[in-house]
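Visitor: Provided herewith is a single structure, encoded as structure tokens, for subsequent inquiry.
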Amino acid sequence: MTIMRSKAEHTAAIREHRKAALVVNVRSRRGRRIPEVLQALQAHGFRLTGVHPVRDPALLAETLDRALSAAPDLLIVGGGDGTLSSSVKHVAGADVALGVLPLGTTNNFARSLGVPLSVEGAVRVLAEGKVADIDLGLCGDRAFANLVSFGVSVEVAATVRPWLKRLLGRAAYPLTALTILPGHRPFRAYLTVDGERHEVLTHQLNIANGAFHGGWRIARDAGIDDRLFVAYQLGSGKRLRLVAETLVRAATGRWRSLAGGPFLVASEILLETDPPMAADVDGEVALRTPLRIKVIPNGVRVMVPRDFVDS
């Protein structure tokens, strides 16, 4: 059993000793900025136990294990949401905090934590912030940080071009979705919460642990440390409605309160679909419905800004 320091002790150790390991996915949208990252870390006095660039995503898990073997107080990971979600699973339940360098396209995880998207701003949080413990999601047997999604987004994740993400950033996802929609068929989803079954007909269903999706806030009161998931559909079974909502969301990032929006809020959801659907678990398509999705309260330690509300 891992012996955990208190969060205050952990924060003090990071501020005093600055002992950290750095892992960067160089294939993420801004992953080639290692020199800028190293310069910022050096300016803030960090002592790195190792610098580990990842050029092949298949080697990420092995690289994270190697970085953690040096027993850093802080594991700094640079990349997009997929990279950070994989890293979260490695530090969950361990006496090490995850430091987030948002170098991806949408950076939903960093946004949910309130971490600035600039390298300098993110490194300042690592140097001057605090250790907090946030919720994890568990989808089947897989932990996740941000989102489980079903429908159009699964095809989008497999189709969106890397060059388009580099060129357009987060706008690449809704634009790719619009090319897929004409041939996509709607599906029925059945969500059981506290014994009550809810049915929707849709092209897209999301179950979020964090507060952001596609770079936009889901709702003003959604959070990554509130012991709750937010389940919501985009559009109905009608393609035109989904097209309209996709365009409005891409253009404006419109968001509303959980109490006034089309949301189902719960700490545990049994999801069934007709037909059975593949699940995109933070960018990894590996599971199929039916699935039970649960919150793991305070499942992982992360470095956050000092004004982050740690519940």
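The values are calculated or read from the model by the stated rules, or taken from the named source; none is laboratory data. In this text, all values refer to a predicted model and were calculated from it rather than measured experimentally. Quick reminder, even Gly has a Cβ in these numbers, built from the backbone with ideal geometry, and neighbours come from all protein chains shown. Ligands, DNA and RNA are stripped out before the accessible areas are found, and what is left, the full protein with its side chains, is counted by its heavy atoms. Shrake-Rupley method; radii C 1.70, N 1.55, O 1.52, S 1.80 Å.
Visitor: So how do 109-119, 204-214, 86-96, 51-61 stack up, highest first, on mean other-Cβ count within 10 Å?
Guide: With the highest mean Cβ count within 10 Å placed first, the list reads 204-214, 109-119, 86-96, 51-61.
Visitor: What's the ranking of 68-80, 267-279 by average number of surrounding C-beta atoms within 10 Å, highest first?
Guide: Values: 68-80: 22.2, 267-279: 17.2.
Packing order, densest peptide first, comes out as 68-80, 267-279.
Visitor: Shifting gears a bit: Could you tell me what percent of the accessible area of region 40-79 is made up of carbon and sulfur, with a 1.4 Å probe and every protein chain present?
Guide: In region 40-79, the share of accessible area belonging to carbon and sulfur is 51 percent.
Visitor: HN-Hα J couplings of region 273-280 from phi, Karplus 6.51/-1.76/1.60, θ = phi - 60°, integer Hz, Gly and Pro as x?
Guide: Once θ is set to phi - 60°, the couplings for region 273-280 become 9, 10, x, x, 10, 6, 9, 9 Hz.
Visitor: Report the charge-dipole magnitude of region 1-155 in Debye, nearest 20, computed about the Cα centre from +1 at each Lys and Arg Cβ and -1 at each Asp and Glu Cβ.
Guide: The calculated dipole for region 1-155 is roughly 400 debye.
Visitor: Amide H to amide H, which residues 5 or more places from residue 267 or on other chains are under 5 Å from it, using H placed in the peptide plane?
Guide: 229
Visitor: Still on this structure: On full extension of the chain, what length is gained from residue 66 through residue 197, given 0.36 nm per residue of separation minus the C-alpha to C-alpha distance?
Guide: 42.7 nm
Visitor: Hey, what do the phi angles of region 132-145 turn into as Karplus ³J(HN,Hα) couplings, whole Hz, using 6.51/-1.76/1.60 and θ = phi - 60°, x for Gly and Pro?
Guide: 10, 10, 10, 6, 10, x, 10, 10, x, 10, 10, 6, 8, 9
Visitor: Of the options 80, 100, 113, report the single residue whose Cα projects farthest towards the positive end of the charge dipole of region 72-128 (beta-carbon charges: Lys, Arg +1; Asp, Glu -1).
Guide: Among 80, 100, 113, the one farthest towards the positive end of the dipole of region 72-128 is 80.
Visitor: Same structure, new question: Expected output is a single nm value to one decimal: the length gained when fully extending between residue 34 and residue 117, i.e. 0.36 nm times separation in residues minus the C-alpha distance. What is it?
Guide: 28.4 nm
Visitor: Sorted by average packing, counted as other Cβ atoms within 10 angstrom per residue and highest first, what order do 19-27, 280-288 take? Walk me through the numbers on the way to the answer.
Guide: Numbers: 19-27: 22.1, 280-288: 18.4.
Going by the mean number of other Cβ atoms within 10 Å, highest first, we get 19-27, 280-288.
Visitor: Now for a separate question. Once the convex hull of the alpha carbons of region 1-98 is built, what does its volume come to per residue, in cubic angstrom?
Guide: On the way: hull volume 9.1 nm³, N = 98.
It is 93 Å³ per residue.
Visitor: About the Cα centre of region 109-150, what is the dipole size in debye to 20, counting +1 per Lys and Arg Cβ and -1 per Asp and Glu Cβ, all else neutral?
Guide: On the way: 4 positive and 5 negative charges, 19 e Å.
About 100 debye.
Visitor: Let me ask something else. What whole-number value in Å² describes the accessible area per residue of region 1-136 for a 1.4 Å probe?
Guide: About 41 Å² of surface per residue is accessible.
Visitor: Under 5 Å between amide hydrogens, which residues at least 5 positions from residue 93 or on another chain qualify, with H placed 1.01 Å from N in the peptide plane?
Guide: It is 301, by chain and number.
Visitor: Using the Cα centre as the reference, give the magnitude of the dipole from point charges on the C-beta atoms of region 22-77 (Lys, Arg: +1; Asp, Glu: -1; all else neutral), rounded to the nearest 20 debye.
Guide: Values: 8 positive and 5 negative charges, 64 e Å.
In debye, rounded to 20, region 22-77 gives about 300.
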